[in-house]
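First comes the structure, then the notes that go with it.
Computed from the coordinates by the stated procedures, all read-outs in this text should not be read as laboratory data. Please read these numbers as outputs of a predicted model, since none were measured by experiment. Here the Cβ positions follow ideal geometry from the backbone for every residue, glycine too, while neighbour counts run over all protein chains shown.
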Number of protein chains: 2
Amino acid sequence: MPDAEARDRIFAAIDAGFDKQVAFLQDLVRFPSLRGREAPLQDWFARQMAARGYAVDRFTLADVPEHPKMAPMVGVDPAGSVQVVAAHRPANPAGRSLILQGHIDVVPEGPHEMWTHPPYAAVIRDGWMYGRGAHDMKAGVACMVFAMDAIRAAGLEPAADVYIETVTEEESTGNGALATLLRGYRADAALIPEPTGHTITRAQTGTIWFRLRVRGVPVHVAVAQDGTNAIMSAYALINALYEHTKALNAAARDNPWYAGIKDPIKFNPGIIRGGDWASSTPAWCEVDCRIGLVPGTTPEEAMAGIEACVKEAAKGDSFMANNPPEIVWTGFRTDPYVLEPGSEAEAVLAAAHASVHGGEMPERRTTAVNDTRYYGLYFGIPGLCYGPKGEVAHGFDERTSIEDLRTCTRTIATFIGDWCGLRPRG
Amino acid sequence: MPDAEARDRIFAAIDAGFDKQVAFLQDLVRFPSLRGREAPLQDWFARQMAARGYAVDRFTLADVPEHPKMAPMVGVDPAGSVQVVAAHRPANPAGRSLILQGHIDVVPEGPHEMWTHPPYAAVIRDGWMYGRGAHDMKAGVACMVFAMDAIRAAGLEPAADVYIETVTEEESTGNGALATLLRGYRADAALIPEPTGHTITRAQTGTIWFRLRVRGVPVHVAVAQDGTNAIMSAYALINALYEHTKALNAAARDNPWYAGIKDPIKFNPGIIRGGDWASSTPAWCEVDCRIGLVPGTTPEEAMAGIEACVKEAAKGDSFMANNPPEIVWTGFRTDPYVLEPGSEAEAVLAAAHASVHGGEMPERRTTAVNDTRYYGLYFGIPGLCYGPKGEVAHGFDERTSIEDLRTCTRTIATFIGDWCGLRPRG
């Protein structure tokens, strides 16, 4: 822990800079950084970091070597997917190095009329900031940036290397986080301030994305009995996958990490498109789906399960039996990840949490993914997922709590100080 | 019937012009005259007719008065929907006047890789011309134009007014045909050479188009049990409408015109779109549907039945019960139509058919619509639907028979001669 005097100076600096931090988060939220359109935000962020005196490395997914865990990208150009790493490189580094990483891609906001406030307006009301990405996870990005700002404003600096990284693709493949590692950035720990509500993420499920492609024979609806309806065949596949998911959840009831969570494996038919004309039986239908997997299952096993399910369901459909539906792997094929208890990094974070919140750091097991898996599973770096508090990830009226932004910034600043060590700013 | 010598001269002219007729049909097929994009074909057609010496009236759906039977158009500009009427106006007209009408709009061709020949290439193989619209109904348009050409090439002309009309919107609303009547064109009979395979259409069902709009609350799939999936709610409505259709077909078993036809009422979910992201529970889903109605049912009754079905189905869905789905009327709301047997026009057509095919003119009852209903139901003009032969309307490898193009042109030329009377060309 930084000594009490240093800590007071840092917390005072957080308070002094808090209006700027909130405005910075509003700036972030106002970028509609949807998949494939993150670059303007990243450009702006790189300039913000350069203005603070960090060394900035801006690169794209096309600039890094291949890796077996790179996930397929469909309809998005890797060369347009910009990553930013801002480096704090102290003279004669000591202590433990740290990666602070946040994703700045957001999921689509859906119909605007279902939002109380426009999704990219970053409106503040009654202690909440509303907007797509305000919660997931631009608030966390603002915390990590302003935790570092406050340390420096207090006349201090981390004694070790610290990388401040903003990445893309967290919501679709994870390739942005992986790319920072393939670019070569390593540290003794990584903290990703996803909006966990001040809890540490103990376990995360894996995710598989896939597209079902059904083709049918369209005919004039006047003779519809001679054709096959691709929309209805797709529906048969969706129903089979719901049944498949039930069986997977039954098997997960004694999973060591998810036994206590009802139905940890979520299946979601998330996008559907099919047919061209109301009066023609549809010739095609595509459904973009997502399914989870629990620790103990590999992505390859989960994918084989999907294939077997679809194959079996197609047998029961007279058209699909002769025209097998296709499965296209469209993104995520991620391993589940468990942050094994007992790491020094987690202990330091727990102490920082306790110093701010006055109690034990709660843990959560999530049924979604986050980028920490790359650090923990493939690069031997403890990946801590801990961040501020908000509501309605991926939904309408997504929002982040303003006061929790402040407390989370305190916790992260404390963690940086304890993990890296502090010294007077050089 | 024209006298034998005149008839021989006309048939010889059909044969002499047949290569040109086939090439004309190829030209027609090569226009991708999809809904909203028919104007270039109509412009070309108007020039073709003007070059033949007809007086050409080109106007749009925005140029005609309102009418209660005008159907709603969604996403298509009436001012861009061009109609063409080419008038043969003999000096001192005698005999009975005639409207020859064909639609030149086509339905979407679907994925090109499912076609043996490109859908707008008008490839001819083994006596068939392939292409979207070749069969439905550009072949019929070529028949009516070249039947008139042949009469004139034989040194003759109809003694009465003849209007050659090409219209849009037959596949979606019928507003094109209605617009020609609202523009003021009337005659003693109307012939629409839809590809009936040399049969007369005795009865047609009506059609209703509608869009189901479901809105849901999207959430991160990690907490999917808290949200509702608009795609699955839409499927619940589709299933209810299939059940509704079964009940309608059961009731239609003693329909005077459709008793002999199994399940004359077709329901088709033809287009589906929903959701934005594989990992968000979808917030919205829209399904464009089509359902039929048999004679004895009004469009208003059919629409009320759809509304009641959707309302009832929504009650059984916890989300939709509080967020009622919407129904948008998106096009067709057409009356069924029966060509009452016994008209003089039909008798003359039957005689023309017999003179070419050597037997009785078969009749058909179709489970789809055609434009003749406007003539018969609202303007007291017998509407004859009779035309050439082809296969796979609205499907892949749609095609028309080249030889049937010739025989149908003979029948139509004979009918024109008999109905209107012929005189030496003035």
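Miscellaneous remarks
- Positive-end residue of B:Thr330, B:Ser280, B:Ala308, charge dipole of segment B:206-334 with Cβ unit charges: B:Thr330
- Taking every C-alpha pair closer than 8 Å and separated by at least 6 residues, the mean separation divided by the residue count of chain A gives a relative contact order of 25 percent.
- With both residues required to sit in chain B, DSSP beta bridges show an antiparallel share near 75%.
- Computed from backbone phi with θ = phi - 60° and the Karplus coefficients 6.51, -1.76 and 1.60, the 3J(HN,Hα) list for segment B:98-104 is 8, 9, 10, 10, x, 9, 10 Hz; x is used for glycine and proline.
- When each of B:Lys266/B:Lys311; A:Lys246/B:Lys266; A:Lys69/A:Lys311 is checked by Cα-Cα distance, pairs over 32 Å: A:Lys246/B:Lys266
- For chain A, calculated [θ]222 nm from helices alone, where every DSSP H run of n ≥ 4 adds -39500 (n - 2.57): -10500 deg cm²/dmol
- Inter-part distance where segment A:39-91 and segment A:333-374 are each reduced to a Cα centre, Å: 25 Å
- By the rule of a C-alpha distance below 18 Å, with chain neighbours fewer than 8 residues away ignored, the lysines paired with B:Lys389 are B:Lys138.
- The three principal axes of the C-alpha atoms in the protein assembly as shown carry coordinate ranges of 115, 50, 49 Å, sorted with the longest axis first.
- Using a 7 Å Cα-to-Cβ projection, B:Arg364 label spacings across copies, nm, ascending: 6.2
- Sorted shortest first, the separations between the A:Asp63 label point and its copies elsewhere in the assembly read 5.9 nm; each point sits 7 Å from Cα along the Cα-to-Cβ line.
- Using alpha-carbon coordinates, inclination of helix B:39-51 to the longest axis of chain B, degrees: 10 degrees
- Taking B:Thr411, A:Thr298, B:Thr205 and counting other C-beta atoms within 10 Å, the order from fewest to most: A:Thr298, B:Thr411, B:Thr205
- Residues A:His112, B:His357, sorted so that the one with the fewest Cβ neighbours within 10 Å comes first: A:His112, B:His357
- For A:Lys20, a cut-off of 15 angstrom between C-alpha atoms picks up these aspartates and glutamates, skipping any fewer than 8 places away in its own chain: A:Asp149, A:Glu403.
- Cα shape, segment A:277-426, gyration tensor, a/c 1.5 rule: prolate
- Building the convex hull from the alpha-carbon atoms of chain B and averaging its projection over directions returns 21.4 nm².
- For segment A:68-182, DSSP calls about 55 percent of its internal beta bridges antiparallel.
- Segment A:134-202 - convex hull of alpha carbons, volume per residue in Å³: 116 Å³
- A simple charge model with +1 on the Cβ of Lys and Arg, -1 on the Cβ of Asp and Glu and nothing else charged puts the dipole of the protein assembly as shown at about 500 debye relative to its Cα centre.
- Computing FRET efficiency as 1/(1 + (r/R0)^6) for A:Ala16 and A:Asp43, where r is the C-beta to C-beta distance and R0 is 22 Å, gives about 0.20.
- DSSP beta bridges in the protein assembly as shown [antiparallel fraction, %, rounded to 5]: 75 percent
- Placing a label point 7 Å from Cα along the Cα-to-Cβ axis, B:Gly36 is separated from the same position in the other copies by 1.9 nm, shortest listed first.
- Calculated FRET value between A:Thr116 and B:Ala354, using beta carbons and R₀ = 60 Å, to 0.05: 0.25
- Computed on the Cα atoms alone, the convex hull of segment A:206-334 gives a volume of 94 cubic angstrom per residue.
- Residue by residue, segment B:335-340 carries 3J(HN,Hα) couplings of 6, x, 9, 10, 7, 4 Hz when phi is fed to the Karplus relation 6.51 cos²θ - 1.76 cosθ + 1.60 (θ = phi - 60°); x denotes Gly or Pro.
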